[in-house]
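The values are calculated or read from the model by the stated rules, or taken from the named source; none is laboratory data. The model shown is predicted, which means the values in this text are computed figures rather than measured ones. Counting neighbours? That spans all protein chains shown, and the Cβs are built from the backbone with ideal geometry, glycine included. Remember, those area values only see protein heavy atoms, side chains included, never the ligands or the DNA or RNA. Shrake-Rupley method; radii C 1.70, N 1.55, O 1.52, S 1.80 Å.
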Amino acid sequence: MELTPSQKKTVRHQFDNFCKKVLREEARNYAKHIAWRSEHEVSLSELSEEQINRAYILDEHPSDYTQFDVQGYSVTVHDDRLAQALTELPDEKRDILLLSYFLDMTDREIADKLNMVRYTIQRKRVKSLKEMKQRLEVNEDGGQSEE
């Protein structure tokens with residue numbers, strides 16, 4: 001069936017009117033969506049440092065750290081260079097350093113745990129620290145750093 005020019009004009013106006021309604025409603029929906037987003041979303045640049053720190057979690061894997069067992073305590077060392085230097089120390093000296101600096105024990109408490117004299121613990125702790133310093137001051141190429 002063929003439409004008359006008048007009918008064709010009417011259909012064109014109806015279609016034009018329909019398209020305008022669709023676009024108007026789409027614009028309204030988009031404006032509502034933008035308003036909703038502005039109420040519920042915050043730009044990362046507007047977050048405080050505390051909020052940013054709560055927004056993520058770092059995974060920890062056993063390969064990321066070194067664990068030492070000292071007198072029934074478990075001590076975790078995350079720095080590879082420090083862990084390597086501690087590993088190279090004799091067990092007794094390493095235990096004294098770990099108990100002192102990682103478990104915050106006094107020389108008296110360490111002496112009681114290891115059945116030693118407090119002065120001996122203090123002397124070994126100081127000597128061990130000097131050894132650790134020397135080990136950590138070794139350059140990447142294996143040579144000693146100059147002091």
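Bridgeable lysines around Lys93 (alpha carbons under 17 Å apart, same-chain partners fewer than 8 residues away excluded): Lys113, Lys124, Lys127, Lys130, Lys133.
Proximity of backbone amide H atoms, modeled 1.01 Å from N, is registered between Val70 and Val75 at under 5 Å, excluding neighbours fewer than 5 places apart on the same chain. Each 10 Å bin from zero holds the following percent of Cα-Cα pairs in the chain: 9, 20, 15, 12, 9, 7, 7, 7, 6, 5, 2, 0. Taking the alpha-carbon centroid of each part, what is the distance from region 101-120 to region 11-82 in angstrom? So the two Cα centres are separated by 48 Å. Computed about the Cα centre, the dipole magnitude for region 1-85 is approximately 1440 debye when only Lys and Arg (+1) and Asp and Glu (-1) carry charge, each at its Cβ. Amide H contacts for Met105 (H built 1.01 Å from N in the peptide plane; partners 5 or more residues away or on another chain; cut-off under 5 Å): Ser100.
Per residue, the solvent-accessible area of the chain (1.4 Å probe, heavy atoms of protein chains only, all protein chains present) comes to 82 Å². Expressed as a whole percent, the proportion of Cα-Cα pairs in region 1-50 lying more than 15 Å apart is 68%. Helices that extend 24 Å or more along their long axis by alpha-carbon positions and average at least 0.5 on the Kyte-Doolittle scale are absent among the DSSP H runs of the chain. What you get for region 29-134, charging only the Cβ of Lys and Arg (+1) and of Asp and Glu (-1), is a dipole of about 600 debye around the Cα centre.
Could you grab the relative contact order for the chain? Cα pairs under 8 Å, six or more apart, rounded to a whole percent.
Relative CO of the chain lands at 13 percent.
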